[in-house]
């Protein structure tokens with residue numbers, strides 16, 4: 001009789017490789033997938049999941065992988081976290097959907113009240129809920145346009161904001177996100193990002209020079225009175241976990257205030273405790289006019305939000321914002337479970353500890369190799385940029401080799417970066433120190449084979 005796996009924290013917390021990777025059952029599912037799904041839907045690991053929780057993911061062949069990805073920053077509080085599961089299960093038999101636009105319900109209001117409380121700033125706020133990060137970013141732009149009467153949107157090099165028409169336009173990277181999918185949305189303009197590691201005149205000049213170029217774009221080329229909003233990730237995610245040069249975002253925020261431009265913080269990947277604070281904006285002292293959350297918000301259920309100044313959020317006309325599934329009651333219940341897990345288990349502190357452990361391990365690895373150009377990130381959101389030794393040329397082959405080594409040896413990792421040369425680490429905050437160190441031991445062994 002086949003054993004039935006249960007996920008969540010009760011799952012056996014160990015790395016275990018029983019078969020080749022992917023194993024026979026995963027290969028069988030891959031064949032079925034190829035016959036049923038379109039080719040454009042790809043998966044990096046190729047192993048099929050049976051259960052997950054704590055710091056591990058178990059596949060259908062019984063292999064147990066240390067999880068350094070959290071479903072791309074989604075299961076921040078752990079997969080199948082107890083409060084998330086219990087609240088979602090309590091909601092399910094009551095009602096699964098009514099559409100908040102037709103017959104509203106309390107869980108939506110509770111999530112909005114919590115986000116209004118924990119997002120930066122003590123001003124009066126409003127929150128609207130959506131399904132995905134891209135949908136929320138797009139609605140943030142709609143709010144900004146309605147509030148300002150302006151149309152232009154300014155974004156940055158290396159940005160990722162989603163895959164809808166507008167957010168795909170806002171995204172910087174062509175392949176795979178934009179190639180062949182144009183024409184794109186109008187009135188989106190791109191400024192340089194203050195990327196210290198790759199700034200031409202050196203990191204010491206990065207903040208000032210990047211800001212100068214941004215300001216020149218807005219004032220001279222676009223005209224500030226045409227710009228509705230500037231949309232920025234406080235730490236760029238898909239772009240390679242780029243932490244902007246110190247002072248750059250504060251200068252951008254002050255510039256926007258002076259010119260009546262709204263600042264939108266895209267915290268889809270950075271928000272909800274990932275960086276050791278509720279939001280990455282907190283590290284910069286930013287108080288955005290609008291803030292977007294999604295990935296970590298509901299513990300794996302689809303939910304996103306725009307939280308912003310009351311006067312901005314109230315500018316959209318009645319009926320102009322919404323969606324059939326937006327703020328689904330089960331997803332809202334799960335989000336309340338996420339807030340409970342973070343506050344009762346002090347996961348903000350845990351994210352900082354995890355960040356310290358990862359920084360220590362990565363620094364030790366970097367001392368032994370010339371392949372790591374930079375270690376960067378905040379809290380439980382860290383990355384390494386890999387380069388050809390003796391240069392800053394992107395080393396994509398090293399990323400591919402390390403990803404394969406880690407997978408074969410029971411560790412799930414993610415890649416990122418405009419140049420495809422970044423390994424990013426997003427472990428769940430429920431991972432143990434022992435598992436975390438073990439994962440980086442596997443990574444260390446991989447560097448020794450390069």
Scanning the range 20-48 residue by residue, those more than 21 Å from residue 423 (Cβ to Cβ) and under 23 Å from the mean Cα position of the chain (by Cα) turn out to be 40, 41, 48
Note on the range 50-90: residues touching a helix residue (DSSP H, G or I) at 6+ places or on another chain (Cβ under 6 Å), closer than 19 Å to residue 436 by Cα and assigned to a helix (DSSP H, G or I) are 73
When restricted to 57, 21, 84, the only residue touching a strand residue (DSSP E or B) at 6+ places or on another chain (Cβ under 6 Å), modelled with pLDDT of 95 or more and under 19 Å from residue 406 (Cα atoms) is 57
TODO: Determine whether residue 289 is surrounded by fewer than 24 Cβ atoms within 10 Å (Cβ to Cβ) and modelled with pLDDT of 95 or more.
DONE: no
The condition from (1) surrounded by 24 or more Cβ atoms within 10 Å (Cβ to Cβ); (2) out of contact with any strand residue (DSSP E or B) (no Cβ under 9 Å at 6 or more places or on another chain) that residue 240 misses is numbered (2)
Across (1) touching a residue at least 24 places away in the same chain (Cβ under 8 Å); (2) within 30 Å of residue 84 (Cα to Cα); (3) surrounded by fewer than 20 Cβ atoms within 10 Å (Cβ to Cβ); (4) not assigned by TED's automatic domain parsing to the domain that holds residue 119, residue 356 clears everything bar (1)
All conditions in (1) outside any loop (DSSP other than H, G, I, E, B); (2) within 20 Å of the chain's Cα centre (by Cα) are true of residue 365 except (2)
Those residues of the range 210-254 that are more than 30 Å from residue 375 (Cβ to Cβ) and touching a helix residue (DSSP H, G or I) at 6+ places or on another chain (Cβ under 7 Å) come to a total of 6
Within the range 257-277, the residues that are over 15 Å from the mean Cα position of the chain (by Cα) and either buried (at least 22 other Cβ atoms within 10 Å of the Cβ) or touching a residue at least 60 places away in the same chain (Cβ under 8 Å) (or both) are 260, 261, 262, 263, 264
Note on residue 342: of the conditions (1) under 15 Å from residue 428 (Cα atoms); (2) out of contact with any helix residue (DSSP H, G or I) (no Cβ under 9 Å at 6 or more places or on another chain), unmet is (2)
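Yes or no, residue by residue, for (1) more than 11 Å from residue 128 (Cα to Cα); (2) touching a helix residue (DSSP H, G or I) at 6+ places or on another chain (Cβ under 9 Å); (3) free of Cβ contacts under 8 Å to residues at least 24 places away in the same chain:
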| position | (1), (2), (3) |
| --- | --- |
| 279 | yes, yes, no |
| 297 | yes, yes, no |
| 301 | yes, yes, no |
| 304 | no, yes, no |
| 307 | no, yes, no |
| 324 | yes, no, no |
| 336 | yes, yes, no |
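For every residue, the table says whether it meets (1) under 17 Å from residue 374 (Cβ atoms); (2) out of contact with any helix residue (DSSP H, G or I) (no Cβ under 8 Å at 6 or more places or on another chain); (3) outside the structural domain of residue 70 (by TED's automatic domain parsing).
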residue: 399; (1), (2), (3): yes, yes, no
residue: 411; (1), (2), (3): no, no, no
residue: 418; (1), (2), (3): yes, yes, no
residue: 434; (1), (2), (3): no, yes, no
Checked against (1) surrounded by fewer than 22 Cβ atoms within 10 Å (Cβ to Cβ); (2) under 24 Å from the mean Cα position of the chain (by Cα); (3) farther than 24 Å from residue 12 by Cα, residue 370 satisfies every condition except (2)
Condition first: in contact (Cβ under 8 Å) with a residue 12 or more places away in the chain and either under 21 Å from residue 392 (Cα atoms) or part of a loop (DSSP other than H, G, I, E, B) (or both). Can you find one or more residues in the range 225-233 that meet it? yes
(message) Would you confirm whether or not the range 213-228 contains a residue that is within 26 Å of residue 384 (Cβ to Cβ) and at pLDDT 95 or above?
(response) no
Filtering the range 387-420 down to residues that are assigned to a loop (DSSP other than H, G, I, E, B), without any contact (Cβ under 8 Å) to a residue 40 or more places away in the chain and buried (at least 23 other Cβ atoms within 10 Å of the Cβ) yields 395
Checklist entry - Any residue at all in the range 134-154 that is assigned to a helix (DSSP H, G or I) and within 23 Å of residue 422 (Cβ to Cβ)? => result yes
Within the range 421-440, residues in contact (Cβ under 8 Å) with a residue 60 or more places away in the chain and part of a helix (DSSP H, G or I) come out as 433, 435, 436, 437, 438, 439, 440
Criterion first (farther than 25 Å from residue 80 by Cα and out of contact with any strand residue (DSSP E or B) (no Cβ under 7 Å at 6 or more places or on another chain)) does residue 391 satisfy it? yes
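So that you can scan it fast, the table gives a plain yes or no per residue for (1) modelled with pLDDT of 95 or more; (2) closer than 23 Å to residue 131 by Cβ:
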| position | (1), (2) |
| --- | --- |
| 158 | yes, no |
| 163 | yes, yes |
| 177 | no, yes |
| 182 | no, no |
| 200 | yes, no |
| 206 | yes, no |
| 210 | yes, no |
| 230 | yes, no |
| request: Inspect the range 75-82 for any residue being surrounded by 20 or more Cβ atoms within 10 Å (Cβ to Cβ) and on the phi > 0 side of the Ramachandran plot and give the result as yes or no. | output: yes
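The values are calculated or read from the model by the stated rules, or taken from the named source; none is laboratory data. Because the structure is a prediction, the values reported are computed rather than measured. All Cβ positions, even for glycine, are placed from backbone atoms using ideal geometry, and neighbour counts span all protein chains on display.
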